[in-house]
Amino acid sequence: MMFSEMPRRLTLGAYSFGGYPVKDVLSLAEVCRALRVGRRTAATMLARGELKGFRRGRIVRISRASVQRLLDGEAAEAPGNP
């Protein structure tokens, strides 16, 4: 499944996170669904810098573009792709 096919279900009001418009950020749960990983793995990827994101208090938001780059990189590395 392409990341762009995922439903955009962000109910964050009129907030802007780290200079990103609300539609361009994802919650940790949404990233877990997109990458098919657990919360701990996604948090570790964020801490390592594999994903670009930020924290506002208890709220963690991750850049949609960084998730897409990660998914595109995995697709290129998959067996059978030139």
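The values are calculated or read from the model by the stated rules, or taken from the named source; none is laboratory data. As the structure is a prediction and not an experimental result, all values here were calculated from the model. Please note: Cβ atoms are built from the backbone with ideal geometry, for glycine as well, and neighbour counts cover all protein chains shown.
The table below lists the values:
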quantity	calculated
Residue count for segment 37-51, restricted to those that are farther than 12 Å from L70 by Cβ and either in contact (Cβ under 8 Å) with a residue 24 or more places away in the chain or not β-branched (V, I, T) (or both)	5
Selection count where residues are assigned to a helix (DSSP H, G or I) and modelled with pLDDT of 90 or more, scope segment 23-42	12
Among residues of segment 43-74, those that are assigned to a helix (DSSP H, G or I), more than 8 Å from the chain's Cα centre (by Cα) and not small (G, A, S), counted	9
Top-ranked residue of segment 55-70 - restricted to ones that are farther than 13 Å from K23 by Cβ and among the basic types (K, R), ranked as surrounded by the fewest Cβ atoms within 10 Å (Cβ to Cβ)	R58
